[in-house]
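To keep things clear, I will list the structure first and then write my remarks on it.
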């Protein structure tokens, strides 16, 4: 018999629908549109031309009010300053145990706060510290990611290059750009380049959020 004071007991969080183990990453395939809100994320979700057109329309609006020339010089002249502030302010909250790292990469080399407008300098530095056969593991935003289309006016530094509110800069890559930077203009060989497309959903608000990352492995010749 139910009682007025009965308290509903929820199942453990890990057993609720939509809560996926990190080790299912890459295996959550959406085959029926009606199932989209059954999980919190879906892998390998391809875009249609309509979605590409919508993203380009939003990006076109960003060109109506780009970052002023004075501010461009300010942010581009001392990028390390803003990254140092970012890491100092977010040391306790930003760096968490990213379980997907052990799935995607069995080893890791990190270049933080890279200056995307000076790729030659970055590659020269990487070439100096890597031994022959050493590898560079790359993961960053891909073109048309949600983070890019959400930028408002006054954030565009250059084509696909933006300034965040905290002064740090971000670029949105394509696979071909990575090949050009690392292999054509740089001394490295391509081992793997892939576009990680995911559809994240908010079941409560019935929202769909399309995320795009680029993931690559480059190797210094033996």
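Determine which single condition residue 156 fails, assuming it passes every other condition in (1) within 17 Å of residue 214 (Cα to Cα); (2) touching a strand residue (DSSP E or B) at 6+ places or on another chain (Cβ under 8 Å); (3) surrounded by 16 or more Cβ atoms within 10 Å (Cβ to Cβ); (4) modelled with pLDDT of 90 or more.
Against the list (1) within 17 Å of residue 214 (Cα to Cα); (2) touching a strand residue (DSSP E or B) at 6+ places or on another chain (Cβ under 8 Å); (3) surrounded by 16 or more Cβ atoms within 10 Å (Cβ to Cβ); (4) modelled with pLDDT of 90 or more, residue 156 comes up short only on (1).
Across the range 141-159, what is the total count of residues that are part of a loop (DSSP other than H, G, I, E, B) and either within 12 Å of residue 58 (Cα to Cα) or in contact (Cβ under 8 Å) with a residue 60 or more places away in the chain (or both)?
Going through the range 141-159 one residue at a time, the tally reaches 9.
If you scan the range 119-139, which residues turn out to be farther than 15 Å from residue 221 by Cβ and outside any helix (DSSP H, G or I)?
Hits for the range 119-139 are 137, 138, 139.
The values are calculated or read from the model by the stated rules, or taken from the named source; none is laboratory data. Note that the structure is a prediction, hence the values are computed from the model and not measured. Every residue, glycine as well, gets a Cβ built from its backbone with ideal geometry; the counts of neighbours run over all protein chains shown.
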